[in-house]
Amino acid sequence: MNDGESGWERELSRTKSQKSKVTRPKRSQGRGVLVFVAIVVIVLAVAGYVISQPPHQAGSIGDIAPDFTLHVVSASGLSDESVTLSSFRGKVVVLEFMVSWCHVCQEMAPSVEYLSQKYNGQDVVFLSVAGTQNGATAESTADYIKQYQSTWTYALDTDGSVFSAYRVDATPTFLILDKSGTILSRLQGAVATAAFSNAIDRALS
């Protein structure tokens, strides 16, 4: 009698064990499906966020400044001499975008001249890219240089390609580049001399 009961109990135990072995994988599969669905949802959310962001544009803070080569314009007019931005690597560059008829550019000219003299002898280069929008020419730029007695280098962007590369839609626009050519600051319009100087100091440091 005891042997029979023992055999029945063993059979019952075996049956329970088999049921247990059958149900465990199902619970495991269910968890696996939930994890997979969660991962898919996260991936889709991240992809949606990335797609929704505006595309990165060249000429932004943190970018290496797009290189260019332009002809120099002086108080005497357009010259055969050219200037290449990347030739100033190893120095801080104050890059101005201006147009000769721009009133705010004219207002800023004495401040820029003051700063160019203040940083003279240091590793700082001032370079103005003169545009030809709305009738500005090499001749009007030369007159501007004479009128404001600018002592730094001007280069003429004849076809507006450099303005476009830097997404300049208002003048004056000033970019401060560090010694590696990276854009650290972007200033626009009438800028206080102290704020301008602080931006140059940050680039030097």
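Throughout, read-outs are computed from the coordinates displayed, never taken from laboratory work. Note that the structure is predicted; figures quoted are calculated from it, not measured.
Quick look at the numbers
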{"quantity": "Hydrodynamic radius (Kirkwood) for region 89-129, which is based on Cα pairs only, to one decimal in Å", "calculated": "10.9 Å"}
{"quantity": "Under 5 Å, built H, 5+ apart or other chain: amide partners of T137", "calculated": "none"}
{"quantity": "Residues with amide H under 5 Å from that of T153, placed H, sequence gap 5 or more", "calculated": "F126, S128"}
{"quantity": "Estimated D of region 164-205 in µm² per second, where Rh is the Kirkwood radius over Cα pairs and Stokes-Einstein applies at 20 °C, 1.002 mPa s", "calculated": "196 µm²/s"}
{"quantity": "Antiparallel bridges, percent of DSSP beta bridges restricted to region 69-204 (to nearest 5)", "calculated": "60 percent"}
{"quantity": "Sequence-distant residues sharing a close amide H with D63 (under 5 Å, placed H)", "calculated": "I183"}
{"quantity": "Karplus-derived 3J(HN,Hα), 6.51/-1.76/1.60, for each residue of region 189-205, Hz, glycine and proline x", "calculated": "x, 6, 10, 4, 4, 5, 5, 4, 5, 4, 5, 5, 4, 4, 5, 5, 7"}
{"quantity": "Rounded to whole Hz, the Karplus (6.51, -1.76, 1.60) HN-Hα couplings of region 91-102, x for glycine and proline", "calculated": "10, 6, 10, 9, 9, 9, 10, 9, 9, 4, 8, 5"}
{"quantity": "Projected area averaged over orientations for region 69-204, convex hull of C-alpha atoms, nm²", "calculated": "7.2 nm²"}
